[in-house]
Amino acid sequence: MKIGIYGSGAIGCFLGGILAASGCDVTFLCRPKVYNILSKKGLIISDLHGFLEKIESSALQLTTDISEMSKMDVVLICVKSASTEEVAYEI
């Protein structure tokens, strides 16, 4: 199953990171600034229970192209509430 993460902020990176760390096929839709950071540094996810995982940039699937979301089986919309309706129309 292909999972898209629309909104690669704190929530999107955490949810997508957990899924990617567990072996799921995850693609992050990013703004250019976030794309550049994740493609260079990768992603570190942690929680309050001691979970810590580093996902190398080479293991991340990143895109800035919204049309990539149409190839996903599931898209998790991880944006601020005020943007949800706009995003729903975009995808």
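Some notes on this structure:
- Checked against the criteria, Ile55 counts as in contact with a strand residue (DSSP E or B) (Cβ under 7 Å, 6 or more places away or on another chain), buried (at least 17 other Cβ atoms within 10 Å of the Cβ), over 26 Å from Glu86 (Cα atoms) and among the β-branched types (Val, Ile, Thr).
- Meets criteria (more than 30 Å from Tyr89 (Cβ to Cβ), modelled with pLDDT of 95 or more and exposed (fewer than 15 other Cβ atoms within 10 Å of the Cβ)) for Lys33: no
- Checking Leu19 against (1) surrounded by 15 or more Cβ atoms within 10 Å (Cβ to Cβ); (2) in contact (Cβ under 8 Å) with a residue 24 or more places away in the chain; (3) of a type outside the set (S, T, N, Q), the condition it does not meet: (2)
- Every listed requirement among (1) part of a helix (DSSP H, G or I); (2) surrounded by 13 or more Cβ atoms within 10 Å (Cβ to Cβ); (3) at pLDDT below 95 is met by Tyr89 save one, (2).
The values are calculated or read from the model by the stated rules, or taken from the named source; none is laboratory data. All of these numbers come straight from a predicted model, not from anything done at the bench. Virtual Cβ from ideal backbone geometry, glycine too; neighbours counted across all protein chains shown.
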